[in-house]
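The values are calculated or read from the model by the stated rules, or taken from the named source; none is laboratory data. Note that the structure is a prediction, hence the values are computed from the model and not measured. In this analysis, Cβ positions are derived from the backbone assuming ideal geometry, glycine residues included, and neighbour counts consider all displayed protein chains. Note: areas computed on protein heavy atoms with side chains; ligands, DNA, RNA excluded. Shrake-Rupley method; radii C 1.70, N 1.55, O 1.52, S 1.80 Å.
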Amino acid sequence: MFKQLLSKLPRKSSKSESAGKSESPRSSTPRSQSNSRAGSSGSSVENSKSNGTNSGSSRSNSAKRMSSAVFPASMVAGIEPLVPFKDVPNAEKMNLFVSKVSLCCVTFDFTDPNKNPVEKDVKRQTLLELVEFVASRSMKFSEPAILAMCRMCAVNLFRDFLPNYQSSSIGGGENDDDEPMFDPAWPHLQLVYELLLKFVTSSCLDAKIAKKYIDHSFILRLLDLLDSEDPRERDCLKTILHRAYGKFMVHRPFIRKSINNVFFQFVYETERHNGIAELLEIYGSIISGFALPLKEEHKIFLWRVLVPLHRPKSLGVYFQQLSYCITQFIEKEPKLASVVINGLLRHWPVTNSQKEVMLLGELEEILEAINMVEFQKIMVPLFWRIGCCINSFHFQVAERALFFWNNDHIVNLIAHNRHELLPIILPALERNAQNHWNPAVLNLTLNIRKIFIEMDDELFASCHAQFKVEEAKLKLASEKRKEAWEQLENAASHQPIAGNAVLVTPLATSIPC
């Protein structure tokens, strides 16, 4: 069978073999392959082992001949890349590692599953061997090995996504309900990501040497890949970037700055990116490691990046991760609670009830951690907004706002500042009690009225009387306005029509605003 497969290989393979043996290891990878769209390596199938029989040895020899033909530039220091690590002495294992990594720099087209199946399987088995070798942590990685590893990852992973591949990016569009298009090479890409993760986290990797190859450009390309539509790929990248942030301290400011730039572009320009949730998850773990007191750089990031991230329509996709980052900042420095609440009020949605419900939930989490001093700085505008939410005709918004009074800490804050807050909240409660259509909202409103009465009945009576006075004034002003319009309409009806003027009848103005 292998003879039949060998007969189908291109005739130019022998030329490539001779050329490959004459080239140096660093120039062995064809440049035309480095920008290939197709991914790399294989699935999680285990390495097949020889059974020691004559047929098994002949099969191994055939595979070796085939490897030299298909991967002509993969031999380093005369070592055949298909030789297992256990069959070479320790002194040659790093050379064999470089040889196997160089073999994996050859890429294939995975859009056609019937194309090069044998070669793909050889590469898959080689990647599985590399993963096992790196995980064993048996010896330090040399500089040529680090260079070869970074080059192989760049060739296989760094690629541009096709337009139809990004058609369902978050942020709105006609294709929001379409199924995401996954890369057909993912079973092979997954092995490359697993190899890169074990390589970065390995104790055998010297960060001082590796930082020359895992540099700023390498990190930027990894960040670009987070726009992938495949959640599996984004999850791998999230873990790799987080471990790289921990491993390479010299790159930490650059990584933070690069993530900030992604956020800025998302909020202020495109509102389209698939990896915002993963980036926020990375930043959540970064924030938890910030030293106290917080640097001004980190506070600016909170105000200019995290708070404006509440603006996009796709907030629901990454809201959980964003809320966690905000909470981490407030736990680090409670004084930032008032800054965050002012920012949320500034970016409060006008017509999006779903976002209102989410922001009300986030406000409650912040108020649970706020102290009295910070609460008094923002309580007036905050409860004016809560009053508007209580009067919302969307029952979920009104109900979520009324749930604030189920929180003992918030009720305690309100009780200590009731003289300022009750005049703001009572009108909203009274309007709900008179007009709201939803029975659940109506019951919650009446319960909160009882809480205020039990809290301070004299203050409640005073505020209620003031509310009645204000209502009477508003009703009188409304009647005067209506009477004035009626007089204008009567006067206009007795005047002759001139030019293109249109007569306005009382019936036309009888519809309420």
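When the listed pairs K120/K247; K140/K208; K208/K257; K93/K123; K332/K377 are checked against a 23 Å cut-off, the alpha-carbon distance exceeds it for K120/K247.
Note on the range 112-144 and the range 377-421: Cα centroid distance 59 Å, given to the nearest whole angstrom. Per atom type, the range 235-312 shows carbon and sulfur on 52% of its accessible surface, probed at 1.4 Å.
Hey, got the dipole for the range 183-269? About the Cα centre, +1 on K and R Cβ, -1 on D and E Cβ, debye to the nearest 20? Spell out each step's value before the answer.
Numbers: 13 positive and 11 negative charges, 130 e Å.
The calculation lands at about 620 debye.
Accessible surface area normalised per residue over the range 223-278 is 42 Å², counting heavy atoms of protein chains with a 1.4 Å rolling probe. Spin-label model, R304 to A415: label points 7 Å out along the Cα-to-beta-carbon direction sit 4.3 nm apart. Extension gain, S217 to E470: 0.36 nm times the residue separation minus the Cα-Cα distance gives 84.6 nm. Shown is the FRET efficiency for D109 and C388, computed with R0 = 56 Å from the Cβ-Cβ distance and rounded to the nearest 0.05: 0.45.
In percent, rounded to a whole number, the relative contact order of the range 288-400 is 26, using alpha-carbon pairs under 8 Å and six or more apart.
In terms of its C-alpha gyration tensor, the range 209-356 comes out oblate, because a/c is 1.5 or above while a/b does not outweigh b/c.
So if each residue of separation counts as 0.36 nm, and I subtract the Cα-Cα distance between E368 and F182, what length gain in nm does that give? The partial results should precede the final answer.
Details: separation 186, 0.36 × 186 = 66.96 nm, distance 4.17 nm.
In short, 62.8 nm is gained.
Sequence-distant contacts, meaning Cα pairs under 8 Å at least 6 residues apart, place the relative contact order of the range 249-325 at 45 percent.
If R0 is taken as 35 Å, the Cβ-Cβ distance between A91 and V250 corresponds to a FRET efficiency of 0.65. Taking the charge dipole of the range 179-233 about its Cα centre, with +1 at Lys and Arg Cβ atoms and -1 at Asp and Glu Cβ atoms, the residue from S203, I214, Y193 reaching farthest to the positive side is S203. Let a ≥ b ≥ c be the square roots of the eigenvalues of the Cα gyration tensor of the range 280-388; is it rounded (a/c under 1.5), or, if not, prolate (a/b larger than b/c) or oblate? Judged from the Cα gyration tensor, the range 280-388 comes out oblate (a/c at least 1.5, b/c at or above a/b). Taking only protein heavy atoms and a 1.4 Å probe, the accessible area of the range 319-437 is 52% carbon and sulfur.
Karplus-derived 3J(HN,Hα) values for the range 417-432, using 6.51 cos²θ - 1.76 cosθ + 1.60 with θ = phi - 60°, are 10, 5, 5, 8, 8, 4, x, 7, 7, 4, x, 5, 5, 5, 5, 4 Hz; glycine and proline are entered as x. In the full protein context, the range 356-505 carries 57 Å² of accessible surface per residue, based on a 1.4 Å probe and ignoring ligands, DNA and RNA.
Is the range 321-462 rounded, prolate or oblate when judged by the Cα gyration tensor, a ≥ b ≥ c being the square roots of its eigenvalues, rounded requiring a/c under 1.5 and prolate requiring a/b larger than b/c? Intermediate results must be reported in sequence, preceding the final value.
On the way: a/c = 2.08, a/b = 1.29, b/c = 1.60.
In terms of gyration-tensor shape, oblate.
Each of L446, H409, A472 was placed along the dipole of the range 387-496 (beta-carbon charges, centred on the mean Cα), and the one lying farthest toward the positive end is A472.
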